[in-house]
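In what follows, a single structure is set out as structure tokens and then discussed.
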Amino acid sequence: MSGRFTPRSRRETRATVLESLLRTGGAFRPSIARETNLTGASISRILTELRKENIIQETRRPAPYVGGPTALVTLSKDVAVAGIELSNSRLSFGVGDLDGTLDYVERMPASSQLSQDEFEILFRQSAANMRDWTRGRDVTIRQAAVSIPGYGRGTGNPIFAWDMARLTAFLEETLHGIPVSVTNSVVAQAAFHRYSISTAYPVADDHLFLFVGHGVAGVIVDETAPIDAFMAFELGHMVIQREGLPCRCGHKGCVEAYTSLRAISKILGIADSEILRRGDAFIEMLNLDGAMRAALRERLFLLGLGLGNALNLHPLSSVVVSGWPSLMPEADRRSILDGLNESLLGGYDENRLHLSFIAPSIGNDPRAALYYAAYCFVRGGGLDTRAETPAALQEIA
Ligand SMILES: [Zn+2]
């Protein structure tokens, strides 16, 4: 965060410190000061406050250098957040802590063409089950996040054509006052990759993050911008074949109809639920024959074709792909480059476009939404986001 902005209010200062801890997974005081551009005195005051509220904890650790600090500051394991995802033909509810550990998960089958009425019935039941679980353990959920494919701020949702005002009112009522944020599935995936410290992310600069799962969508990752400012774009619904395969959006020939997990499960001859159960190892477990690999390479080619078209509209020099293509042998992944070569203006040139791959964590829903909830909690400074008290907004002296 260094040099990006100067925090002013108490909420912003707390948010800056907490976001830094979420990103790093824990740090010593001098590096927090460096990361956040705050003085040692400010850091001390904020950490004391956060420790009293049990939002952070300090653990004695051997210092990384002689005479250095000995207390490692981490986010408290006692702050509970909820992640809720509509993805993979299921509605998943999870409760966990700020470092992504899920203590409670429930997944209910959900149609990929769920109506708003059906969604509300399913959600109400799952929310009641989650509430029973938290009550039994005396857990207070501080923040919830709901991720939905196709969701756009202010633009409605072309995939789930629901009334957005009704959705917001429904979530507030059903979650009984837990602060809740709604986001697009691919933005939640981007939050997972930004804040999950267990995965090494291959790119540090601005890039397109392309997620190829049950849905196919991209997000332009600006490393200096907060996650909730990201704009998702629905690359999966780019039509690449007139009168082609039917898509869940109602059109025919969309990228998603050829390249989503559900689309390739038909080539592989296994149920997509089985892919979710097996997770990232599913391709290795299949013993792909020559015909299957050739069919998958054709799908990768189409993905490259769509990707090149998207980059013609919004040029970027780096793309990170997360999804089943990341699990394919490198020789097969070259088909994406062939597709790019046929659509990207000027053709594919490795000096102009850097393509990298990251493991997708297939079937881990609702962990991405859980990370987004953790992000929303820290962005609010760990204060109750419903109460904009003068104290929360006061200037830091
Ligand atoms: Zn479509």
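The values are calculated or read from the model by the stated rules, or taken from the named source; none is laboratory data. Values in this document were obtained by computation on a predicted structure and should not be read as measured data. Here the Cβ positions follow ideal geometry from the backbone for every residue, glycine too, while neighbour counts run over all protein chains shown. Accessible surface is based on the protein model in full, side chains and every heavy atom, while ligands, DNA and RNA are left aside. Shrake-Rupley method; radii C 1.70, N 1.55, O 1.52, S 1.80 Å.
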(request) Within region 61-73, track down each residue that is modelled with pLDDT of 70 or more and farther than 12 Å from ARG29 by Cα. (result) ARG61, PRO62
(request) For residues that are within 22 Å of the chain's Cα centre (by Cα) and open to solvent by 50 Å² or more (accessible area, probe 1.4 Å), tally how many sit in region 162-173. (result) 2
(request) Can you give me the number of residues within region 161-204 that are hydrophobic (A, V, I, L, M, F, W, C), touching a residue at least 24 places away in the same chain (Cβ under 8 Å) and assigned to a helix (DSSP H, G or I)? (result) 9
(message) Between a residue in region 242-260 that is more than 19 Å from ILE362 (Cα to Cα) and any residue that is surrounded by fewer than 24 Cβ atoms within 10 Å (Cβ to Cβ) and among the acidic types (Asp, Glu), which pairs come within a Cβ distance under 6 Å, given they are 6 or more apart or on different chains?
(response) LYS252/GLU243
(request) Search region 238-275 for residues being closer than 20 Å to ARG90 by Cβ and either hydroxyl-bearing (Ser, Thr, Tyr) or part of a strand (DSSP E or B) (or both), and hand back the single one that is nearest to the ligand (Cβ to nearest atom). (result) SER260
(request) Among the residues of region 300-353, write down those that are part of a loop (DSSP other than H, G, I, E, B), surrounded by 18 or more Cβ atoms within 10 Å (Cβ to Cβ) and in contact with a Ser or Thr (Cβ under 7 Å, 6 or more places away or on another chain). (result) LEU353
(message) Six or more apart or on different chains, Cβ atoms under 6 Å: show the pairs whose first residue is in region 272-298 and closer than 18 Å to PRO109 by Cβ and whose second is surrounded by 14 or more Cβ atoms within 10 Å (Cβ to Cβ).
(response) ASP272/LEU261; ASP272/ARG262; ASP272/SER265; ILE275/LEU261; ILE275/SER265; ILE275/PHE282; LEU276/ASN88; LEU276/GLY363
(message) Taking the conditions exactly as written (under 16 Å from the mean Cα position of the chain (by Cα) and either within 16 Å of the ligand (Cβ to nearest atom) or in contact (Cβ under 8 Å) with a residue 12 or more places away in the chain (or both)), does TYR151 satisfy them or not?
(response) yes
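Conditions tested, residue by residue: (1) within 16 Å of the ligand (Cβ to nearest atom); (2) under 25 Å from GLY250 (Cβ atoms); (3) not small (Gly, Ala, Ser).
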{"position": "GLN116", "(1), (2), (3)": "no, yes, yes"}
{"position": "SER126", "(1), (2), (3)": "no, no, no"}
{"position": "GLY136", "(1), (2), (3)": "no, no, no"}
{"position": "ILE141", "(1), (2), (3)": "no, no, yes"}
{"position": "ASN157", "(1), (2), (3)": "yes, yes, yes"}
{"position": "LEU167", "(1), (2), (3)": "no, yes, yes"}
{"position": "LEU171", "(1), (2), (3)": "no, no, yes"}
{"position": "VAL186", "(1), (2), (3)": "yes, yes, yes"}
(request) Might you let me know whether region 290-299 holds any residue that is in the same structural domain as VAL221 (by TED's automatic domain parsing), modelled with pLDDT under 90 and open to solvent by 10 Å² or more (accessible area, probe 1.4 Å)? (result) no
(message) If I go through region 210-237 residue by residue, how many of them are assigned to a loop (DSSP other than H, G, I, E, B) and open to solvent by 40 Å² or more (accessible area, probe 1.4 Å)?
(response) 5
(message) ARG278 - would you say it is away from the ligand (no atom under 16 Å from the Cβ), farther than 26 Å from THR183 by Cβ and either acidic (Asp, Glu) or within 27 Å of the chain's Cα centre (by Cα) (or both)?
(response) yes
(message) Of everything in region 281-304, what is closer than 15 Å to GLY213 by Cα and away from the ligand (no atom under 16 Å from the Cβ)? Give them in sequence order.
(response) ALA281, PHE282, ILE283, LEU296, LEU300
